[in-house]
1. So which of B:Leu49, B:Leu37, B:Leu33 ends up being closer than 18 Å to B:Ala296 by Cβ and among the hydrophobic types (A, V, I, L, M, F, W, C)?
2. With the requirement that a residue be surrounded by fewer than 24 Cβ atoms within 10 Å (Cβ to Cβ) and among the basic types (Lys, Arg), what does the stretch B:206-242 give you?
3. Considering the stretch B:243-285 alone, what residues qualify as being farther than 24 Å from B:Gly215 by Cα, open to solvent by 10 Å² or more (accessible area, probe 1.4 Å) and not charged (D, E, K, R)?
4. Go through the stretch A:107-142 and give me each residue that's surrounded by 21 or more Cβ atoms within 10 Å (Cβ to Cβ), closer than 19 Å to A:Ala85 by Cβ and within 7 Å of chain B (Cβ to nearest Cβ).
5. Hey, could you check the stretch A:63-80 for residues that are without any contact (Cβ under 8 Å) to a residue 60 or more places away in the chain and closer than 12 Å to A:Tyr156 by Cα and say which is surrounded by the fewest Cβ atoms within 10 Å (Cβ to Cβ)?
6. Scan (1) open to solvent by 10 Å² or more (accessible area, probe 1.4 Å); (2) modelled with pLDDT of 90 or more for the single condition A:Lys164 breaks and write down its number.
7. If a residue has to be of a type outside the set (Val, Ile, Thr), more than 8 Å from every other protein chain (Cβ to nearest Cβ) and either part of a strand (DSSP E or B) or without any contact (Cβ under 8 Å) to a residue 60 or more places away in the chain (or both) to count, how many in the stretch A:143-157 make the cut?
8. Out of curiosity, is A:Asp75 under 22 Å from A:Leu166 (Cβ atoms) and of a type in the set (D, E, K, R)?
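The values are calculated or read from the model by the stated rules, or taken from the named source; none is laboratory data. Predicted model only: the values in this text are computed from it and were never measured. Note that we place each Cβ from the backbone using ideal geometry, even for glycine, and neighbour counts take in every protein chain shown. Side chains are part of the model used for accessible areas, which takes the heavy atoms of the whole protein and leaves out ligands, DNA and RNA. Shrake-Rupley method; radii C 1.70, N 1.55, O 1.52, S 1.80 Å.
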Number of protein chains: 2
Amino acid sequence: MKLLPESLRCAESTSGVVLVVHGGAGTILPENLTPQLEDAFKHSLASALRAGYDDLQQGKSAIDAVETAVRVLEDDPLFNAGRGAVFTADGRNELDAAIMDGGTGKAGAVAGVVKPKNPITLARAVMERTPFVFLAGAGADRLAEDLHLAIVDPPYFWTETRWKQLNDQQKRESEGSASGGDGFTMSLSEDNKFGTVGAVAVDNAGNVAGATSTGGMTNKRYGRVGDSPVIGAGTWADNETCAVSATGHGEYFLRLAVAHDIAARMRYTGVSLENAAAEVIHHEVSKIGGSGGVIAIDRHGNAALPFNTAGMYRGYITRDGTVHVSIYREE
Amino acid sequence: MKLLPESLRCAESTSGVVLVVHGGAGTILPENLTPQLEDAFKHSLASALRAGYDDLQQGKSAIDAVETAVRVLEDDPLFNAGRGAVFTADGRNELDAAIMDGGTGKAGAVAGVVKPKNPITLARAVMERTPFVFLAGAGADRLAEDLHLAIVDPPYFWTETRWKQLNDQQKRESEGSASGGDGFTMSLSEDNKFGTVGAVAVDNAGNVAGATSTGGMTNKRYGRVGDSPVIGAGTWADNETCAVSATGHGEYFLRLAVAHDIAARMRYTGVSLENAAAEVIHHEVSKIGGSGGVIAIDRHGNAALPFNTAGMYRGYITRDGTVHVSIYREE
């Protein structure tokens, strides 16, 4: 396998880590973010890390920590998950989430839900309180109600920023289709498909866990589901290898089973987490034209955060509680 | 890796094959099937094989052949896919399907659709006519309508056998919950979760393809989705390794990313298709209590059909047009 330049690999991996989070990857450039917005993103990533870290410090499991961290990001309108989810073409917010426990190999996922305040908590309920793994649509919403999880009305998910993004996107697409679009075109411009959130963690017992939550793509149609809720594509966890949460252009991540492929390379070729994650993102995903990144952790606290986009909202916290957050490539 | 006894492996693999189909795995025992029903199943499997073989003989692609074969099985009420789909708890038929092209690495999948006559054809349309990979629910049905695919009314999917299975299953579950069920119990008895159909093929150009279609579990609730429409779990195709279609208790296949794991073992450890497929079914799936099987083919025409249940409706056709169909383990 072709290895990456040392400089790049070093920037994307570290050790002694207990929890990693991401808030999406994409064309995130300093000229597009005000210093105030940069600070807000970093503050929120750090809050998620500290909340999950508190769980781990109290002896809770990696599953607890990733759920807690993702809930913080879902509750923050800055990110395209939970509260800040983007709008579908018909002005709705359809949410996807998945969680996996590397100790038990159990998983839970939901797609296209519109009612739960925290889709990641519903995904965890699917894993722990039903014989299922994957629920979609109105049926999944019904489970949230039957289990008395926190339910919100649609206006909860309404944010001015996302509504404006929908209007802008629809304007761009109507201009595009006027010049020869086929009616099924979804603009795959960089800014309408990112912002997914996720977390991976390792707990005191050496169990790893992964969690991912998203509002999908702005102006999405036809019940489109990306990689986030798909076990093996956007989310994975196995103590023998690693936990992974992905973000990016989901169709490419689905076609490559990205999260499982990283784990499979570790398991079958003995390569490190760092090299497995970097190879899949920089070689496999890039080769087919996909963009995005992953966060991954193994049971020894090695973490990798490779991405092939200009930036990825990301951060990690080490065993001693030191928080590192960053946005752009060179940080 | 622990290898299987030679006798078992030989019964489950062969070479010189161009197309393999399955019609589900489960507690399929001679005492549960009349000779007439056995003949009907075998006749239908053979029809599917011959239809897909005709495509290949005409120089069509592996994708064409697997779609054609799966459509034959979807149109036959004997199988739990398309026409013969089982009923959900509220008396509906919710269909899932996926298709993947090993030459291009492209894929299409749909979950929870109720309108298309042939869900596999909708999955193929997602792959070839949209920028998406995975669509769920009403949105996916809308695409079928917008593309003018064949649409049917709900009574098309009504069959007396499946309706009786729903009533029997609901009776069993109500007896179960009366004796302490938790309200989320879905009986996982052998006969309510099998009957998925699938096909894998290799064409003259050496491209492999895989396709899977299912009606899911009898009496399913909460929008449950199994492994069939999940790329990497129930369906996979990659020319470098193999094409796979799975059938069985989907939750276990999702948790193991079964289809991608078979391909990953071939790619990263150099093991044969036969051994990769047998190890995943007989070791990994069995270890966590899962039941079912897969059909798989590589570009050289090696095929594997391992299953850990009493039977699997299955068949393959060789380059010279010889058809082999079987149901039970010892055939």
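1. Step by step, each of B:Leu49, B:Leu37, B:Leu33 is checked, and only B:Leu49 is closer than 18 Å to B:Ala296 by Cβ and among the hydrophobic types (A, V, I, L, M, F, W, C).
2. B:Arg221
3. The answer is B:Met266, B:Tyr268, B:Thr269, B:Gly270, B:Val271, B:Ser272, B:Asn275, B:His282, B:His283.
4. Result: A:Ala111, A:Gly112, A:Leu135, A:Ala136, A:Gly137, A:Ala140.
5. In this case the residue turns out to be A:Asp75.
6. So A:Lys164 meets the others, but not (2).
7. Summing the residues that are of a type outside the set (Val, Ile, Thr), more than 8 Å from every other protein chain (Cβ to nearest Cβ) and either part of a strand (DSSP E or B) or without any contact (Cβ under 8 Å) to a residue 60 or more places away in the chain (or both) in the stretch A:143-157 gives 8.
8. Against the criterion (under 22 Å from A:Leu166 (Cβ atoms) and of a type in the set (D, E, K, R)), A:Asp75 qualifies.
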